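The values are calculated or read from the model by the stated rules, or taken from the named source; none is laboratory data. Here the structure is a predicted model, which is why all the values come from computation and not from measurement. Heads up, the Cβs are rebuilt from the backbone with ideal geometry, glycines too, and the neighbour counts pull from every protein chain shown. Note: accessible area is taken over every heavy atom of the protein model, side chains too, but ligands, DNA and RNA are not part of it. Shrake-Rupley method; radii C 1.70, N 1.55, O 1.52, S 1.80 Å.
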Amino acid sequence: MIIETDGLRRDFLVGTRLRRRRVVAVRDVTLNVAPGEAVGFLGPNGAGKSTTIKMLTGVLVPTSGSASVCGLDPVRERRELGKRIGVVFGQRSQLWWDLPLEESFDLHGAIHKVPAARYEERLEECVELLDMTSFLRTPVRQLSLGQRMRGEVTAALLHSPELLVLDEPTIGLDLASKERLRSFLSAVNARGEVTLLLTTHDLPDVERLCRRVVVIDHGRVLVDDELSTLRRRFAGNRTLVVELTAPAEALAGLTGVVDVQVEAQGMRQRLAFGAGTSAAELIAEVARRVELRDVTVDEPSIEDLVRTLYASSRPA
Amino acid sequence: MSAPYPQLVRAGFRRYASYRQAAFAGLTANVVFGFLRAAVLVAVLAQQGTVAGYDIPTAVTYVWLGQGLLSVVQLWPELEFSKRIRSGDVVIDLGRPWDLTAAMLATDLGRAGHAMVVRFIPPMLLGIVFFPFRWPQRPVTWLLFLVSIVLAVVVSFTIRFMLSATAFWMLDAHGVLSVWGAVSGIVVGLIVPLAWFPQWAQAVLAWTPFPAIMQSPIDVFTERGDVVALLGHAAIWSVLLFAACKLMLRAGAKKLVVQGG
């Protein structure tokens with residue numbers, strides 16, 4: 001396991017000296033991540049995501065419970081851990097603000113004592129995949145957010161870390177920049193060199209990158225499962241969208257269909273169907289009754305899924 | 001890739017090289033104040049003759065060295081580090097596999113190197129052209145002067161570091177900073193030469209690191225006093241204060257890690 005935690009808990013004392021109150025930020029997080037995995041770490045604001053990440057990266061001591069990352073005790077062996085993991089915070093920068101991006105990379109290479117040949121190879125690859133040639137000589141303060149984030153991710157990967165922790169890496173990025181970053185991260189992870197742990201509010205990030213999802217709320221793990229399993233368990237209905245060649249009345253009485261919506265004067269119909277129904281059988285059944293021009297199946301969005309999860313977990 | 005610290009020195013240099021206008025504005029202010037201070041001292045000494053070993057050329061040299069060194073040793077902290085502590089960005093600095101205090105010192109030495117080129121040399125040249133100037137009598141003085149400047153930057157760095165690091169414990173460091181702002185110019189020997197202070201005040205200051213920040217390099221250049229004692233004083237304080245910075249950072253980081261940011 002590259003990340004192993006057991007009953008991780010973190011309390012904070014807040015308020016003034018006279019009126020201290022104990023706030024539990026992380027109540028009980030037990031998490032095991034194997035090398036090469038890509039895990040999405042989800043939860044609403046204040047759920048305990050960032051606190052957990054701080055404990056995993058060694059900048060916060062757990063109140064109780066234990067954590068081991070890359071086989072190290074994060075707090076006691078923080079410096080050693082720093083050599084073996086990369087961290088990207090969407091809202092903080094690890095680049096040198098006044099220097100050209102390239103010089104920040106050089107400094108990272110030097111701080112991590114990356115051998116020259118491997119550094120060159122790694123940098124060249126990142127520059128190419130992330131299309132950074134045009135702004136390598138630009139001071140970081142003049143980069144757009146999208147360009148800077150590409151730089152942040154590169155800096156975090158230059159020393160070939162075993163684990164890359166990304167805390168809201170796509171926050172504030174436009175769609176094209178998000179997509180570029182996602183496909184890069186997905187490619188890096190697919191080669192099996194680096195494990196990804198990603199926190200985000202942007203669920204498409206998770207859909208694109210993570211096979212496994214850990215959802216936490218109120219400092220506890222609500223769900224820890226494969227994304228596909230979660231979909232099946234929680235997501236409820238899928239929707240078959242059929243485009244017809246001629247207008248038709250609402251298609252009633254189809255097996256397994258729980259809701260029908262008619263659009264475009266009967267030229268398009270949305271058929272919601274439950275988990276027990278096969279999309280293929282439903283399409284065949286529709287095709288026997290009307291002439292089809294096109295069909296698509298909409299998977300339930302992960303937003304719906306997470307909303308369902310939170311709603312079902314609210315403490316009374 | 002090896003040895004991050006020399007590279008950090010270079011980065012510190014290049015970082016400031018990107019702010020030419022700021023350097024020029026600061027330089028202008030230095031020069032204007034230099035002319036004022038030199039004019040005042042020349043007027044005083046023209047009536048008094050020599051005061052505590054300062055004749056006119058020595059006093060003028062004292063002024064221009066002080067004006068030039070002011071931004072090299074950088075008396076007042078920029079507070080970038082305390083901002084990083086308050087914003088939590090310091091977790092990035094703490095997460096790196098380096099000695100953070102040494103890394104910051106390396107960067108500061110680079111900054112000082114840049115200041116030597118753009119902020120020290122130009123006012124010196126003006127002083128040399130427009131006023132009587134006291135050159136070192138012995139060639140070795142130039143080398144010793146350079147050593148004394150490096151030590152001055154180290155001592156000044158450690159004091160700035162510690163002032164900034166108070167942010168680990170204090171939400172507002174303005175109190176501490178304004179005290180330093182008020183007394184620093186006096187105790188380092190920027191305002192008037194420390195030799196003009198009453199005996200007791202000189203004796204007290206000799207036990208502090210402050211003279212090493214400005215008066216000592218000037219004394220080395222003007223060949224006043226025992227150079228071994230001056231450099232020894234600065235070297236001992238550099239080591240002690242650097243160790244104190246490391247202890248303070250360790251305590252601050254521990255507080256952050258244990259109590260949370």
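So the values come out like this:
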read-out: Any hit, the stretch B:23-35, residues being within 14 Å of another protein chain (Cβ to nearest Cβ) and either open to solvent by less than 50 Å² (accessible area, probe 1.4 Å) or outside any loop (DSSP other than H, G, I, E, B) (or both); value: yes
read-out: The one condition in (1) at positive phi; (2) more than 9 Å from chain A (Cβ to nearest Cβ) that B:Ala3 fails to fulfil; value: (2)
read-out: Subset of the stretch A:5-36 that is within 14 Å of chain B (Cβ to nearest Cβ) and not in a strand (DSSP E or B) - its residue that is modelled with the highest pLDDT; value: A:Arg20
read-out: Residue match in the stretch A:152-159 (condition: over 24 Å from A:Gly71 (Cα atoms) and either among the small types (Gly, Ala, Ser) or within 12 Å of chain B (Cβ to nearest Cβ) (or both)); value: yes
read-out: Residue within the stretch B:105-127 that is without any contact (Cβ under 8 Å) to a residue 40 or more places away in the chain and in a loop (DSSP other than H, G, I, E, B) present; value: no
read-out: Residue count, the stretch A:239-257 (criterion: open to solvent by 40 Å² or more (accessible area, probe 1.4 Å) and assigned to a loop (DSSP other than H, G, I, E, B)); value: 8
read-out: Filter result for B:Ala46 (open to solvent by 50 Å² or more (accessible area, probe 1.4 Å), more than 11 Å from chain A (Cβ to nearest Cβ) and assigned to a helix (DSSP H, G or I)); value: yes
read-out: Those residues of the stretch A:105-129 which are farther than 20 Å from A:Arg92 by Cα, crowded, with 17+ Cβ neighbours inside 10 Å and more than 10 Å from chain B (Cβ to nearest Cβ), in sequence order; value: A:Arg122, A:Leu123, A:Cys126, A:Val127
read-out: Selection from the stretch A:25-72 of residues that are open to solvent by 50 Å² or more (accessible area, probe 1.4 Å) and among the basic types (Lys, Arg); value: A:Arg27, A:Lys54
read-out: Residue ID - farthest from A:Val206 (Cα to Cα), chosen from residues in the stretch A:217-247 that are modelled with pLDDT under 85 and small (Gly, Ala, Ser); value: A:Gly236
read-out: Residue list for the stretch B:134-173, restricted to those being farther than 19 Å from B:Ala234 by Cα and exposed (fewer than 15 other Cβ atoms within 10 Å of the Cβ); value: B:Trp135, B:Gln137, B:Arg138, B:Pro139, B:Trp169, B:Met170, B:Leu171, B:Asp172
read-out: Qualifying residue in the stretch A:188-199 (condition: assigned by TED's automatic domain parsing to the domain that holds A:Asn32, open to solvent by 60 Å² or more (accessible area, probe 1.4 Å) and either modelled with pLDDT of 95 or more or of a type in the set (S, T, N, Q) (or both)); value: no
read-out: Condition broken by B:Gly189, with the remaining ones in (1) crowded, with 18+ Cβ neighbours inside 10 Å; (2) on the phi < 0 side of the Ramachandran plot satisfied; value: (2)
